[in-house]
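Report on one structure; see the data block that follows.
The values are calculated or read from the model by the stated rules, or taken from the named source; none is laboratory data. Only a predicted model underlies this, so the values are computations on that prediction, with no experimental measurement involved. No Cβ is skipped: glycine too gets one built from the backbone with ideal geometry, and neighbour counts run over all protein chains shown. For the accessible areas, the whole protein counts, side chains as well, though only heavy atoms, and no ligand, DNA or RNA atoms are used. Shrake-Rupley method; radii C 1.70, N 1.55, O 1.52, S 1.80 Å.
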Amino acid sequence: MAIPRLVSCRICGGWHSTERPWPDNCKFHWGDPPNRSLLPHPFVISDIPSEPFQSMKDGKIYESKSSYRKSLREGDNPCIEVGNDAPTTVREPNLRPIIEDVVTSVHMVEQGYRPAPLDTGILPKDAL
């Protein structure tokens, strides 16, 4: 007598024998998944949008995504299309040197340090 092979079902959480027909509520777990759409290829992204759209770069109306992307890359001011990109992480700034400078400055002022006054009392024009 052979030991039946059992497989864990991710749908119902139970165990099913591989030698018997799969239960109706779990039948697509190992077999073909049901169609998600009535279309023959539901996961294909078409180059032709459902309706024409206007470019924000040049104001022209485009009926094809590929011609729109081509116009973004060309010209004197090329652009990069974003939207489906993964979000980038922003590094936290290293505040240690700034904190050390502030602490040092506070200690200097507490000990009586005063900066020398400016000659004219205003900043020169080239310093702005």
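Some notes on this structure:
- Scan of the range 45-65 for residues that are among the basic types (Lys, Arg) and either open to solvent by 100 Å² or more (accessible area, probe 1.4 Å) or at pLDDT below 75 (or both), ordered by number: Lys60
- Residues of the range 24-39 that are modelled with pLDDT under 65 and over 30 Å from Tyr68 (Cβ atoms): Phe28, His29, Trp30, Gly31, Asp32, Pro33, Pro34, Asn35.
- Qualifying positions in the range 6-18 - loosely packed, with under 10 Cβ neighbours inside 10 Å and modelled with pLDDT of 75 or more: Gly13
- Of everything listed in (1) under 20 Å from Ser46 (Cβ atoms); (2) surrounded by 10 or more Cβ atoms within 10 Å (Cβ to Cβ), the single unmet condition for Gly83 is (2).
- Within the span defined as the range 68-75, one or more residues are under 30 Å from Ile45 (Cβ atoms) and part of a loop (DSSP other than H, G, I, E, B).
- Out of Pro42, Pro21, sole residue that is in a loop (DSSP other than H, G, I, E, B) and modelled with pLDDT under 70: Pro42
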